[in-house]
Structures are given as C-alpha cells and as structure tokens.
1. May I ask for the distance between the Cα centers of region 127-206 and region 212-257, given as a whole number of Å?
2. How much accessible area per residue does region 180-235 have, in Å², with a 1.4 Å probe?
3. Looking at the chain as a GNM with Cα springs under 10 Å, which of D59, D269, D305 has the largest mean-square fluctuation?
4. Could you list, in their original order, any pairs among K97/K197; K46/K97; K91/K197; K108/K136; K46/K136 whose Cα atoms are separated by more than 29 Å?
5. Between E335 and R206, what is the label-point separation in nm under the 7 Å Cα-to-beta-carbon projection?
6. Could you pull out every residue, at least 5 positions away or on a different chain, whose amide H is within less than 5 Å of the one on R274? Hs are placed 1.01 Å off N in the peptide plane, and Pro or chain starts have none.
7. Give me the 1.4 Å probe accessible area per residue for region 1-72, excluding ligands and nucleic acids, in Å².
8. Could you check how much of the accessible area of the chain is carbon and sulfur, as a whole percent, using a 1.4 Å probe?
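The values are calculated or read from the model by the stated rules, or taken from the named source; none is laboratory data. Every value quoted in this text rests on a predicted model; they were computed, and no experiment measured them. Glycine also receives a Cβ, built like all others from the backbone with ideal geometry; neighbour counts cover every protein chain displayed. The area values use the complete protein model at the heavy-atom level, side chains included, leaving out ligands, DNA and RNA. Shrake-Rupley method; radii C 1.70, N 1.55, O 1.52, S 1.80 Å.
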Amino acid sequence: MTTGPVGVAVVGAGAISDAYLRNLTTFPDVRVLGVADLDAERAETKARAYDVPVSGDVDTILAIPDVEIVVNLTIPAAHAAVASAALRAGKHVYGEKPLTLDPGEGDKLLAEAAAQGLRVGNAPDTFLGAGLQSAKRALASGLIGAPVAATAMMQSPGPESWHPSPEFLFQRGAGPLFDMGPYYLTALVAMLGPVSKVAATARQARPHRVIGSGPRGGTSFAVEVPTHVMALVDFTGGASASTTFSFDSPAGVTMIEIIGTEGTLSLPDPNTFRGPLRVRAAGDGDWRELPLEGTTIGRGLGVLDMARALRGDVAHRASGALALHVLEAMTAISESAERGEFRHLETTAREPEPLPAGWDPQEATLA
Ligand SMILES: NC(=O)c1ccc[n+]([C@@H]2O[C@H](COP(=O)([O-])OP(=O)(O)OC[C@H]3O[C@@H](n4cnc5c(N)ncnc54)[C@H](O)[C@@H]3O)[C@@H](O)[C@H]2O)c1
C-alpha cells in the first residue's frame, strides 16, 4: 500500500486554478506534481509560479506515475471527458462543479470509477470550511430545534463584468443555477439531508451580454440559459426551502437561513469558508453571532480530505455521490421550470460526516 503525501496534478490553468494551486502547494499531505491545459503556455506559467515540476498537455500529466489524484478545473463541458481520461489512466479524480453537464454523464463517471476501484470527489468543498462546519455543529446541538424550512438566495449582476472568458458561464452547465446553485444546494444538503422533490420557474433578462474585462473586453456574446431561477425544494427529512439563483440583479444578495422549531440560523455565504454565523431565538431582540471552529484556508480542502481518506481507507466528504445528487437536483429544477410540474429525485446522498475537531490542513498527518 502506498504511504506518505499524495501526488496530485491540476488540469485547467484558468481563473480558479490560482486558488487551488496556492493552497494545495502549502498542504504537507499533498504534493502538486503537474499542471496541464489545452493552452500549454498557460499551464507552464502556472507551474512556474507555484514551483510545480511538470507542465504540458493532459496526457503528459496523466503519465506521471506518482500522480494519484487529478484535480479537474476545466470548464463544465469538459468535466466528463477529462475525468474519464484520468480514470482510464488509473487516477482518482476530484473536479470542479458541476460534476458533469447532466446526471446521465455523472452516473456513468461514478460507475466507471467504481468499476476500477477509483474515487471521484467534487467541489464545492466550502462546506468543509469553519463557517458551514460550525453551522452543522450548531444544528446538531439542537440550537434551533428541528429544522422546518430554509431560504436561500443568490442574486448578482452576473460574472461577465470580471471573468475574462465568461461565455461558458451563460451556457449549458452554468447560468446562476448550475454555477452558483452547487454552493447553496450542497450547503442545504449538508445541513438538512437529501432532496426529495423540486418545483421551479425561470426567466432570462436579456439574450446577450458583454465581456467586461481582459483582452476580449467589449465583445458581445449570446446567453443560452435562464438567468433568474426560483425553486421550491423539499428534503426527505421533512424540511422545505425556497431558493433563488440570479445573474439579473445589479444588487448583490447572498443569504441562507434555516428556520427551526426553536429559532433561526443565518448561515454564511456558502461560496466562502468563513462566517458570520448567527442565531436568533424566539424572544431575542437581535441576532447573536456564534463563534467559529475550523479552517478558513479555502479551495482545495476537499482534495486534501480525499487524499487523507485515500490513505486512511475511509470515505471522503466532498464526494462524487453528493455532487451527483446536487446535479440531479439542479437538473430537476431546470426541467421543472420548463415543464411546470414538480420533479422527484432518484438519487440520494448521505450528509457528509463533520470534520473532527482540530482538523488542520497544514499538519503533516501522512508519514
Ligand atoms: N472562476 C471562478 O471564480 C470559479 C470559482 C469556483 C469554481 N469555478 C469552476 O472552475 C471551473 C473552471 O473555471 P475557470 O473560471 O477557471 O474557467 P477558465 O475558462 O478561466 O479556465 C478553464 C481552463 O481549462 C482549460 N481547458 C478547457 N478544456 C480543457 C481540456 N479538455 N483539457 C485541458 N484543459 C482544458 C482552458 O484552456 C482554461 O485554461 C469551472 O467548472 C467553474 O465552474 C470557477
């Protein structure tokens, strides 16, 4: 059995790769051995910036024998093909969200991995951060009693103002539902358990957007998906949520609140690893901020948890099964908006185990 730090390689050296490379290169339990991209120069620049020994195309990094986990940071349309190539090369794979473009592709990917005894992990891993871990502990302690309902809302003007190649964010696999929904729905599943059924409606404010930054700034492109989605979500445990995902509002709103029989818990922005986490019980004149316990380091925690779980032969938390369930929920929301009917889910997911107290990304635990 292999021991020691786990070798990883990153595929996709775009906007989000810095957040991963910055963190993964500081975790003693992980060694970043390669960076790949369709654009070889981009891969080389990132490899040099983070002192990663190898860069090149996907085949180059898949050929590195010590790479055990491929971290797939490509655009959603490429997630399935890149992940599948990694599995065929005998590597575990951890991908960015969404898992794949649709649940059928995701199902196939998990089946391929299972057939080879390999793991699939997937973002988001924000629920491993101090904010959402502390929220989970607060719920488990009974602080707000039994959860009854939740409200989740993400409204923004959309990412085309700051992302230099934002087209994919307005195509199949993205839009506010598939791009931002994973943070909110994964957080809700981590808190309330699996989704049973959904009903939704959706709109699109305008058919074209304009790139606001980078070398292609000023270029107009087509919007191919709804940009304002509202969904009712029922959980098998009995709670219900009302959710909104929008790229159509100039005013930014981020909220998740869980109403329980004894009070309301206000969760932090689930696209972050920090607080604030607040509670308000019946009779309280104001919100009370709760102390946080855990790490706020950021993206890459899910990869680290998967690396440690691999060595310890235990389940990892940001799992492919969880991502598939969230993908099915988003797909069902999208179908419900098209057809005007409730959609029932077929998949389920376990609420991920809380991280143990004192879980420290910067501690070397793998001898
Ligand atoms: N940008 C963000 O803030 C952000 C945040 C969280 C998650 N994400 C997710 O991360 C992923 C990547 O987003 P991004 O913003 O970094 O995109 P990006 O377009 O900036 O970068 C993607 C990179 O992947 C490369 N690529 C595409 N297909 C490939 C293939 N088949 N083989 C090798 N390389 C390939 C592209 O050349 C590009 O360099 C998406 O799934 C997105 O949802 C992005």
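1. 9 Å
2. Values: 2130 Å² over 56 residues.
I get 38 Å² per residue for this part.
3. D59
4. Working: K97/K197 21 Å; K46/K97 21 Å; K91/K197 34 Å; K108/K136 31 Å; K46/K136 35 Å.
Too far apart for the 29 Å limit: K91/K197; K108/K136; K46/K136.
5. Using points 7 Å along Cα→Cβ, the separation is 3.4 nm.
6. Correct list: G131.
7. Numbers: 3250 Å² over 72 residues.
I get 45 Å² per residue for region 1-72.
8. Values: 7930 of 15130 Å².
Carbon and sulfur atoms account for 52 percent of the accessible area of the chain.
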